[in-house]
């Protein structure tokens, strides 16, 4: 059986965004952003990788970068985004 690829680092960053910018659960967050709740849960669990169009929508709304979502590079994050995702990772 082939190993399934997972995306735990991207998943952790998505959770940091959700928790840093809201107090919504996954389902509420997904619906608020027009994502299918099951698909969003798969992204945040790391079983599927968030598609570029969904990641772009989050980037535009919250001052994130695709480099941060996919690779964890923080250097181009807005100050607001950096504060939100940093504080949520402390919880």
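Can we say residue 74 is without any contact (Cβ under 8 Å) to a residue 60 or more places away in the chain, in contact with a helix residue (DSSP H, G or I) (Cβ under 9 Å, 6 or more places away or on another chain) and not in a helix (DSSP H, G or I)?
Working: without any contact (Cβ under 8 Å) to a residue 60 or more places away in the chain: yes; in contact with a helix residue (DSSP H, G or I) (Cβ under 9 Å, 6 or more places away or on another chain): yes; not in a helix (DSSP H, G or I): yes.
Criteria met by residue 74.
Are any residues in the stretch 32-69 closer than 19 Å to residue 82 by Cα and not in a helix (DSSP H, G or I), and if so, which ones?
Selection gives 63, 64, 65.
Quick check on the stretch 42-53: of everything there that is free of Cβ contacts under 8 Å to residues at least 40 places away in the same chain and buried (at least 16 other Cβ atoms within 10 Å of the Cβ), which residue is nearest to residue 16 (Cα to Cα)? Write out each step before concluding.
We begin by selecting, within the stretch 42-53, every residue free of Cβ contacts under 8 Å to residues at least 40 places away in the same chain; these are 42-45, 51-53.
Remaining after also requiring buried (at least 16 other Cβ atoms within 10 Å of the Cβ): 42-44.
On the way: 42: 15, 43: 13, 44: 10 Å.
Among residues in the stretch 42-53 that are free of Cβ contacts under 8 Å to residues at least 40 places away in the same chain and buried (at least 16 other Cβ atoms within 10 Å of the Cβ), the one nearest to residue 16 (Cα to Cα) is 44.
Residues being within 13 Å of residue 9 (Cα to Cα) and touching a helix residue (DSSP H, G or I) at 6+ places or on another chain (Cβ under 9 Å): count how many of those fall in the stretch 43-71. Reasoning before the result, please.
The initial filter retains those residues of the stretch 43-71 that are within 13 Å of residue 9 (Cα to Cα), namely 43-50, 67-71.
So of that shortlist, the ones also touching a helix residue (DSSP H, G or I) at 6+ places or on another chain (Cβ under 9 Å) come out as 43-50, 68-71.
Residues that pass the stated criteria total 12.
Taking only pairs six or more apart or across chains, which ones have beta-carbon atoms under 6 Å, a first residue in the stretch 54-66 that is on the phi > 0 side of the Ramachandran plot and in contact (Cβ under 8 Å) with a residue 12 or more places away in the chain, and a second residue that is surrounded by fewer than 19 Cβ atoms within 10 Å (Cβ to Cβ) and part of a helix (DSSP H, G or I)?
63/80
Coordinate-derived values only; no laboratory data. Bear in mind that the values here come from a model prediction, so they are computed numbers and not experimental data. Here the Cβ is made from the backbone with ideal geometry for all residues, glycine too, and neighbour counts use every protein chain on show.
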